[in-house]
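Single-structure report; data block below.
The values are calculated or read from the model by the stated rules, or taken from the named source; none is laboratory data. Given the structure is predicted, the values throughout are model-derived calculations rather than measurements. Every residue, glycine among them, receives a Cβ derived from its backbone with ideal geometry; neighbour counts consider all protein chains shown.
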Amino acid sequence: MDFFEAKNITKVFATTKALTDVSITVKKQSIFGLLGPNGAGKTTLIRIINQITAPDSGEIFLEGRKMKSSDVSLIGYLPEERGLYQKMKIGEQAVYLAQLKGLSKHDAIAALKKWFLKFEIMDWWNKKIEELSKGMQQKVQFITTVAHNPKLLIFDEPFSGFDPINATLLKKEILNLRDKGATIIFSTHNMASVEELCDHIALINKSVKIVDGPTNEIREKYKSNLFEITYKGEPGNLYSTLEERYKILNHIEENTINRVTVQNPEKDAGNQLLREIIPVVDVIAFREIIPGMNDVFIKAVQEDKPSN
Amino acid sequence: MNKTLLILKQEYLKRVTRKSFIILTLLVPLLFAGMFALMIWLTVKTDKQERLIAVYDASTLFTGALDDKDGFTKFHFMPLSEFEKAKSNLKESEFYALLYIPDNIYSTGNAQLISEKQIPIELTEQIEMKLSNLIESDKRKIIISETGIPDLEDRLASTRTPVKLHTLKVTETGETTKSSSEIAFIASYSMGFLIYFFVFMYGSMVMRSVMEEKKSRIVEVIISSVKPIQLMAGKIIGTALVGLTQVAIWVVIGSVAMVLVPGLLISENATGMGQSIMENQQYLNNQTSQLADQAILTETLEMIGNLNIGLIIFSFIFYFLAGYLLYSSLLGAVGAAVDNDEDSQQLVFPITLPLILSIMLLFPIARNPEGPVAFWGSIIPFTSPVAMLARIPYEIPVWELLLSMFLLLITTAGAIWIAAKIYKTGLLLYGKKITLKELIKWIRYNNLQKNPYYLYKF
């Protein structure tokens, strides 16, 4: 079921196009990766979802109905640029922020206490933010984002500023929130975390959405029919067999075991390639190289250039 | 709870519970009371340091006559030889100073006071007074005995008639009330200054609060929960309530003081202070009694009471709120537009210039509340909060007051409209140098949506 939908969003600032006819659909309880180079329009889209900015045209739907201004209380937003009241006590400001999202004071305190206990930071309640390190502040900020139990969570670069231990803790919590029913839109430049977390991605470049689909399918789609063959035997024999039809990209010899990367001109023709080399060399391992999100990102953006 | 209300409450409580607020609120009345007390003390105080003065009286006219029973200055008369000895050894001697009275003092009126230190003026005046009084009364006695009129002394004294102009004001019903131009002047000046202080302090407070939210970047989270206008309204109203709370506390403390202080002062007068006044007056041979002093005090309080306190408080609250709204909305907009202190200072100056100008108008206004400076200053909206308040104690024509209020309200509404535009545009804008020119450009966007920095539509 679609939880969130942005339809044909266009936004122009003076002469600068921020978003051109961008549509995205986010399934309930999924993690949606919003990718794109700097300045592509991601932040504008996120601000439109948060009703900080209004689109010039296009509509936004939540659970199948048009989004109302009161729906902001269903959203939890962690902006890329973090910040809290430096002089205010942590507990007090967390309660205040939760109240602004529509929780009663009583409910806010109850929800926050749970999170503070979970993150083992109960003794920070009466401290001021300025007494905490950057990383500790990030934890508090994360809690203030999720405390009102939002149905839609928007994280902009959530892992920046976290050490690996806390980043892992955070990842676990994000997955946990999804499993408990939250739908998550996740914007980041960290492609490893996209591969790890996102069910679905959309890539925006120069205000236009250029890629959209389930993460696995997109990686599959962007593969270059590369195969890595690990074998024992004469490289010369292999070369003379393959040279005619395949492109040999890379060859490594380690003692008696060799590894070669071959590009197949045809799609989904791994078996054919395997069949051809079995008679010539002793195959130890054979795998197709599926591109990482990093490669997909670079390739998609580069391919997009001529058209613009 | 309504979100504007929530922000308002948050801003209000944050400020009212701050130590600096509590200290300032309690300190200002104390300061006023202290100043008042100091003034009273200064007028009645006597020098209470005990000093011993060696006297050689060549004229032999004053021997034993200089001491008075409660005086703190003691006079020790001695022969010339002893006097010379003391003079050569003044530093080690017990004497504070040496008084040399020549035998021709009657005709010349000259004497010498010799000391190691700089002698306080009060002491020299005191001794001069004693000597001249004694000479005067002595000469007078001679004349009286010559004329043979026994009660001449009293009759002469009765010819002294100090004149004091009591200004009275006639009300519409024909009653006269006591007024005082001095009191109106002081009231005018302090009212003008107080409103300047309030508008400036609380207006800047709004700006700093907006800037703090922008600089700490929390503003993006906040406006993803509430509309920027709600945030701005909550902040401005919350801060205004802090100001009103402060005024209310001061009014309460002031009224309590008005009731308690006169009684306190009068009872004080009857004892300690009265005595010292008596002492002072004694030398003047002027029998101004403590009763007269009490009368002055009650009269002063009565005249303060005759100021139109109701109108003053009403105008104060109106001009504070309107002036504060005018300036705080503009300053709040500046706070939203800039992201560093230098830019803000450059913008704050042109905005607060009229306010600073109005404080310079205060003196001419308080001196002549009916002149053109006073009139125009109190009609032009940017200076009227301060200028009009300075005129209120003099009671001005109703139409002027209404016109001034009307123009101020219209201008304030316009300022809020402009401020809202800037506020919604600048709140999430970082890293751009904001100049007055840039702000004017923002204001002039008819369709705000087309402003590249514009944020909000709702």
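Structure data summary
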quantity	calculated
Region B:401-436, subset of a type in the set (Gly, Ala, Ser) and over 38 Å from the mean Cα position of the chain (by Cα), residue farthest from B:Leu347 (Cα to Cα)	B:Gly431
Which numbered condition B:Ala374 misses (of (1) within 33 Å of the chain's Cα centre (by Cα); (2) within 14 Å of chain A (Cβ to nearest Cβ); (3) among the small types (Gly, Ala, Ser))	(2)
Search result, residues across region A:6-43 that are closer than 19 Å to A:Lys66 by Cα and touching a Leu at 6+ places or on another chain (Cβ under 9 Å)	A:Ala6, A:Ile9, A:Thr10, A:Lys11, A:Val22, A:Ile24, A:Val26
For A:Thr144: the one exception among (1) over 23 Å from the mean Cα position of the chain (by Cα); (2) crowded, with 16+ Cβ neighbours inside 10 Å	(1)
Filter result for A:Ile109 (more than 14 Å from chain B (Cβ to nearest Cβ), closer than 14 Å to A:Glu173 by Cβ, out of contact with any strand residue (DSSP E or B) (no Cβ under 9 Å at 6 or more places or on another chain) and among the aliphatic types (A, V, I, L, M))	no
Answer from A:Asp123, A:Asp199 - the residue that is touching a strand residue (DSSP E or B) at 6+ places or on another chain (Cβ under 7 Å) and among the acidic types (Asp, Glu)	A:Asp199
Unique residue being outside the structural domain of A:Lys11 (by TED's automatic domain parsing), surrounded by fewer than 16 Cβ atoms within 10 Å (Cβ to Cβ) and touching a strand residue (DSSP E or B) at 6+ places or on another chain (Cβ under 8 Å) when the list is A:Leu249, A:Leu238, A:Leu242	A:Leu249
Within region A:190-202, tally of residues that are free of Cβ contacts under 8 Å to residues at least 60 places away in the same chain and in a loop (DSSP other than H, G, I, E, B)	1
Residue in region A:286-294 that is assigned to a helix (DSSP H, G or I) and under 30 Å from A:Phe32 (Cα atoms) present	yes
Within region B:1-35, considering residues that are touching a residue at least 40 places away in the same chain (Cβ under 8 Å) and among the aromatic types (Phe, Trp, Tyr), the one surrounded by the fewest Cβ atoms within 10 Å (Cβ to Cβ)	B:Phe21
Given (1) under 26 Å from the mean Cα position of the chain (by Cα); (2) over 24 Å from A:Ser193 (Cβ atoms); (3) at pLDDT 95 or above, number of the condition A:Leu152 does not satisfy	(2)
Search result, residues across region A:67-94 that are farther than 12 Å from A:Phe4 by Cβ, more than 10 Å from chain B (Cβ to nearest Cβ), not in a loop (DSSP other than H, G, I, E, B) and not hydroxyl-bearing (Ser, Thr, Tyr)	A:Lys89, A:Ile90, A:Gly91, A:Ala94
Region A:1-24 - residue that is of a type in the set (Val, Ile, Thr) and in contact (Cβ under 8 Å) with a residue 12 or more places away in the chain and, of those, nearest to A:Ser207 (Cα to Cα)	A:Thr20
Verdict on A:Ile129 being under 30 Å from A:Met191 (Cα atoms) and in the same structural domain as A:Phe186 (by TED's automatic domain parsing)	no
Region A:168-189 residues that are at negative phi, paired with ones that are in a strand (DSSP E or B) and basic (Lys, Arg) (beta carbon under 9 Å, 6 or more apart)	A:Thr183/A:Lys27
Residue check for A:Gln51: free of Cβ contacts under 8 Å to residues at least 40 places away in the same chain, out of contact with any strand residue (DSSP E or B) (no Cβ under 6 Å at 6 or more places or on another chain), within 14 Å of chain B (Cβ to nearest Cβ) and on the phi > 0 side of the Ramachandran plot	yes
Residue within region B:186-204 that is part of a helix (DSSP H, G or I), at pLDDT 90 or above and either within 14 Å of chain A (Cβ to nearest Cβ) or under 30 Å from B:Asp138 (Cβ atoms) (or both) present	no
Complete set of residues in region A:179-189 that are assigned to a strand (DSSP E or B), of a type outside the set (A, V, I, L, M, F, W, C) and under 19 Å from A:Val22 (Cα atoms)	A:Ser187
Those residues of region A:95-113 which are crowded, with 20+ Cβ neighbours inside 10 Å and assigned to a helix (DSSP H, G or I), in sequence order	A:Val95, A:Tyr96, A:Leu97, A:Ala98, A:Gln99, A:Leu100, A:Ala108, A:Leu112
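This table checks each residue for (1) in contact with a Phe, Trp or Tyr (Cβ under 6 Å, 6 or more places away or on another chain); (2) assigned to a loop (DSSP other than H, G, I, E, B); (3) within 27 Å of A:Thr20 (Cβ to Cβ).
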site: A:Asn149; (1), (2), (3): no, yes, no
site: A:Leu153; (1), (2), (3): no, no, yes
site: A:Thr168; (1), (2), (3): no, no, no
site: A:Leu177; (1), (2), (3): no, no, no
site: A:Ile204; (1), (2), (3): no, no, yes
site: A:Lys209; (1), (2), (3): no, no, yes
site: A:Ile218; (1), (2), (3): no, no, yes
